[in-house]
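The values are calculated or read from the model by the stated rules, or taken from the named source; none is laboratory data. Predicted model, so just to flag it, every value in this text is computed and none were measured.
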Amino acid sequence: MIIHLVLFAGTAKLVKRRISKKRLWLAALLGSCSIFIVLTPWEDWLIHPLGKLALSILLVWTAFGFPSLALFFQSLCMFYVMSFLAAGTMTAVETLRFSMQQQSGFLSEYTSSMYSSYSVMLVLFSIPLVWFATRCTDNITTARKLQAAKIADISVHVNQAVYQGKALIDTGNQLKDPVTRAPVMVMEASLVQSQLAGEQYQQLYTMISKKRIEDLENLTFWEGRWRLVPFRSAGQSSQIMFALKPDVITVQWENTTLRFENVLVGLEAEALSANQDFQMIFPSDPLQAQAHESA
């Protein structure tokens with residue numbers, strides 16, 4: 001009964017659908033009572049794959065109804081995902097228990113246990129693990145979707161070179177050049193590595209990572225394009241960012257191509273995303289301003 005409650009509640013959470021308590025308890029009760037079919041002449045029907053599929057369809061219909069074929073199929077597939085997650089969790093816990101015993105005849109006992117019934121304590125211990133895994137999966141999926149919705153393709157044009165990457169549209173990025181008040185986007189320095197000679201990139205990386213302003217005089221490329229932008233991050237004192245004045249920046253955003261000639265490019269020595277989801281951070285204000293002008 002309890003495991004069915006977790007399965008249907010987890011399914012509802014993953015498919016982002018509300019489920020009434022009445023439907024939840026009714027589906028859980030129906031799923032729990034299905035075990036009594038083994039006491040009837042229809043026992044073979046429950047064991048058959050088609051019988052299990054029919055039972056799953058009945059349970060999902062009881063829990064979520066039939067708003068449309070697509071939504072019903074989505075709920076059915078996610079119910080199977082939750083079921084496999086629960087079964088895998090219980091198998092993993094049981095495997096861990098056997099591996100910790102270190103007794104003679106371990107392999108034969110472990111093999112036979114894989115087809116034996118699970119204990120009540122095992123099921124009860126696995127339930128919070130299944131629910132925790134569901135919450136983590138839902139949170140990660142939601143965060144990734146929100147982040148993906150804020151990712152844009154950006155091309156930075158400097159002289160004859162084009163540096164491309166994915167940018168996170170940041171509503172909290174208010175960094176601006178104190179003199180011209182031009183917005184400043186941030187880009188990983190590694191994106192320019194392929195367009196520079198080895199010594200040039202090493203010189204640039206050292207200057208950016210160590211904040212050596214005096215090295216600007218020794219650079220033989222991008223002359224006249226450099227800007228020094230002061231900034232302060234949380235918990236740190238004022239710092240200096242080396243920013244570059246590009247010819248133009250093109251942004252692919254919401255099926256449109258936007259061009260910016262007044263946005264500076266601040267270079268960052270370290271990676272901006274641990275997962276490499278993006279290599280740039282672009283302020284949202286210029287996007288909103290240009291979208292408003294276009295409207």
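What the table below lists for this structure:
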read-out	value
Qualifying position, being at negative phi, acidic (Asp, Glu) and under 33 Å from the mean Cα position of the chain (by Cα), among Glu188, Glu217	Glu188
Output for region 155-197, where each listed residue is at pLDDT 90 or above and either assigned to a helix (DSSP H, G or I) or not assigned by TED's automatic domain parsing to the domain that holds Glu254 (or both)	Ala189, Ser190, Leu191, Val192, Gln193
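Let's see how each residue does on (1) at pLDDT below 75; (2) in a helix (DSSP H, G or I); (3) not assigned by TED's automatic domain parsing to the domain that holds Met82:
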position	(1), (2), (3)
Val6	yes, yes, no
Lys16	yes, no, no
Leu29	no, yes, no
Phe36	yes, yes, no
Pro41	yes, no, no
Leu55	no, yes, no
Leu58	no, yes, no
Phe66	no, no, no
